[in-house]
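Only the coordinates and a few stated rules stand behind these numbers; no lab work does. None of these values were measured; they are calculated from a predicted model. Quick reminder, even Gly has a Cβ in these numbers, built from the backbone with ideal geometry, and neighbours come from all protein chains shown.
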Amino acid sequence: MSLLPPPPAKLLDLGCGTGWTSCFFARRGYEVTGQDISEDMICYANLNKDKEELDNLHFIAGDYEGMDFSCEFNCAVFFDSLHHSLNEEDAIRMVYKALKPGGICVTSEPGLGHEVNPGTIDAVRKYNVIERDMPPEKIIHAGKKAGFTIFKVYPHALQLNALVYDRQLGHVGPPQRRSLKRLLRTKILNRLAPILGIAQSCFDTHDNGVLVEIHNIMANKQYNGITVMVK
Ligand SMILES: C[S@@+](CC[C@H](N)C(=O)[O-])C[C@H]1O[C@@H](n2cnc3c(N)ncnc32)[C@H](O)[C@@H]1O
């Protein structure tokens, strides 16, 4: 939430699905437009809106690659939805147009390696959906082409959450000292891993402490993370 302009800003929630994020933003005080390509999802989203009795929120069905907003919103969010696009450049160009000057686009998407994940391959086979890697690098490339000027990448909250809470207690202690050689080896392997399609966790040596894990997450931010772009 701290990456967004403060409420009551006008917020566009793209690929909102059943609208839980839209309701969340509306409860926080934003003027929310939730949008999804699926009419069924929009029906569920409206049911959720009614249940929560929110009036600073409305939903529309449509394709985020073909929207026609112009300088209307202070911020736009893709939460786990841009990686389903046919062409992310079209979607981001549309968002750029939809934002007011100084407007912010925040994306939280699966990064490099998503396409080759067995769960993803299974979903594509079962549900005939588009699933693509959507790392910050790709999003920023599209953002630059669209006209965005300022770019920042942050670790996913889930990565940090896993780091702090999913560790066995023994690993959440003071970080141990690590030789430069080992640090460099992990850094190089972690950079190569996504290119080679290998799980980066293979190279996370759990006995090296939380600090090194944070270092790894930050070092890989072009491959995975939350992207913020300013118009
Ligand atoms: C994984 S779901 C995420 C939904 C929601 N953001 C959430 O976090 O629960 C992806 C959503 O993106 C929507 N979507 C996919 N392609 C889209 C497009 N071109 N335009 C708008 N929505 C799209 C799908 O219908 C689906 O509801």
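State the extension gain, in nm to one decimal, for the chain segment bounded by Ile130 and Ser2, taking 0.36 nm per residue of separation less the distance between their alpha-carbons.
The Ile130-Ser2 span can extend by a further 43.1 nm.
Summarising the amide proton neighbourhood of Glu115: residues at separation of 5 or more, or on other chains, whose placed amide H is nearer than 5 Å comprise Asp133. Length gained on full extension, Leu47 to Lys97, computed as 0.36 nm times the residue gap minus the Cα-Cα distance: 15.0 nm.
Stretching Ala162 away from Lys145 to a fully extended chain increases their span by 2.7 nm, per 0.36 nm per residue minus the current alpha-carbon distance. A straight Cα-to-Cα reach below 29 Å connects Lys49 with the lysines Lys10, Lys97, Lys100, residues fewer than 8 places away in its own chain not being considered. Packing-based ranking of 102-111, 1-10 yields 102-111, 1-10, ordered from highest to lowest mean Cβ neighbour count within 10 Å. Residues whose amide H lies under 5 Å from that of Gly34, counting only those 5 or more places away or on a different chain, are Asp13, His58, Phe59, Ile60; hydrogens are built 1.01 Å from N in the peptide plane. Derived scalar couplings between HN and Hα for region 9-17 equal 8, 8, 10, 9, 9, 8, x, 7, x Hz in order, rounded to whole Hz, by the Karplus curve 6.51 cos²θ - 1.76 cosθ + 1.60 (θ = phi - 60°), x for Gly and Pro. Specify whether the C-alpha gyration tensor of region 1-55 places it in the rounded, prolate or oblate class, a ≥ b ≥ c being the square roots of the eigenvalues: rounded for a/c under 1.5, otherwise prolate if a/b is larger than b/c and oblate if not. Judged from the Cα gyration tensor, region 1-55 comes out oblate (a/c at least 1.5, b/c at or above a/b). Among Thr227, Thr120, Thr149, the order by Cβ neighbours within 10 angstrom, fewest to most, reads Thr149, Thr120, Thr227. When the Cα gyration tensor is reduced to axis lengths a ≥ b ≥ c, the ratio a/c is 1.5 or higher for region 1-120, and with a/b not above b/c it is classed as oblate.
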